[in-house]
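Just below is one structure, and these are the notes that go with it.
The values are calculated or read from the model by the stated rules, or taken from the named source; none is laboratory data. Computed from a predicted structure; not experimentally measured. When we count neighbours, we look across all protein chains shown, and the Cβ atoms used for this are built from the backbone with ideal geometry, even at glycine.
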Amino acid sequence: MKIIIILIIICKNDCEYASEYNNYFKNNIDVLFIDTSHLYEHTINEIKLWFPLLNNKALFIFHDINLYNGVYKRKNSFTGTGWDNQRDVIRSIEEYFETNFNKKEFFNTTLVKNNDNWRVVHDPDCNGLTCCFKNC
């Protein structure tokens with residue numbers, strides 16, 4: 001089996017680009033990594049615009065789910081500075097899946113949305129990373 005990885009970096013507003021992308025590739029995204037504004041309205045729009053473009057067995061990754069207000073420590077002992085975004089990213093994901101998550105704890109759960117099975121895995125360390133596996 002041959003695996004081809006293509007990384008495309010586009011300097012455009014991701015929400016504006018979604019419809020342009022769909023004109024070319026139509027529901028053909030295998031992996032989508034979101035690390036943008038981390039604001040509620042923007043994240044809601046990203047989910048609304050990009051989730052329909054995922055193929056049937058896609059992976060959607062959100063970064064900076066667990067932002068801290070102040071200094072945080074990584075597993076490797078390095079520190080960083082965060083800001084309180086009022087749970088904007090995790091709140092957007094919760095709204096989509098119609099559930100609640102504890103962003104400060106590791107979780108691995110399966111949910112059903114629009115006849116699709118989603119496995120949602122969250123690691124709270126280092127500002128958090130949440131992976132949403134569609135039909136996997």
Practice prompt. Answer yes or no as to whether ASN117 is over 14 Å from the mean Cα position of the chain (by Cα) and within 16 Å of PHE33 (Cα to Cα).
Written response: no
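Among the residues of region 92-106, how many are farther than 15 Å from ASP35 by Cα, buried (at least 16 other Cβ atoms within 10 Å of the Cβ) and not basic (Lys, Arg)? Full working, then the answer.
Let us first name the residues in region 92-106 that are farther than 15 Å from ASP35 by Cα, namely 94-106.
Add one more test, that the residue is buried (at least 16 other Cβ atoms within 10 Å of the Cβ), and what stays is 96-97, 101, 103.
From what's left, not basic (Lys, Arg): 96-97, 101.
Result for region 92-106: 3.
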Worksheet item: Is it true that some residue in region 80-91 is of a type in the set (A, V, I, L, M, F, W, C) and either within 13 Å of the chain's Cα centre (by Cα) or crowded, with 18+ Cβ neighbours inside 10 Å (or both)?
Response: yes
Discussion item. Looking at region 86-136 only, could you name the residues that are farther than 14 Å from ALA58 by Cβ and of a type in the set (Phe, Trp, Tyr)?
Written reply: TYR96, PHE97, PHE101, PHE106, PHE107
Worksheet item: Hey, any hits in region 64-84 for a residue that's in contact with a helix residue (DSSP H, G or I) (Cβ under 6 Å, 6 or more places away or on another chain) and closer than 18 Å to ASP35 by Cα?
Response: yes
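Please give the strands (runs of 3 or more DSSP E) falling wholly within region 1-108 in which 2 or more residues are at pLDDT 85 or above.
Numbers: elements: 29-34, 54-63, 70-73, 79-82.
Ranges flagged: 29-34, 54-63.
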Worksheet item: Exactly one of (1) buried (at least 16 other Cβ atoms within 10 Å of the Cβ); (2) part of a loop (DSSP other than H, G, I, E, B) is unmet by PHE133. Its number?
Response: (2)
Item to complete: Scan (1) at negative phi; (2) surrounded by 12 or more Cβ atoms within 10 Å (Cβ to Cβ); (3) in contact with a strand residue (DSSP E or B) (Cβ under 9 Å, 6 or more places away or on another chain); (4) in contact (Cβ under 8 Å) with a residue 12 or more places away in the chain for the single condition LEU49 breaks and write down its number.
Response: (3)
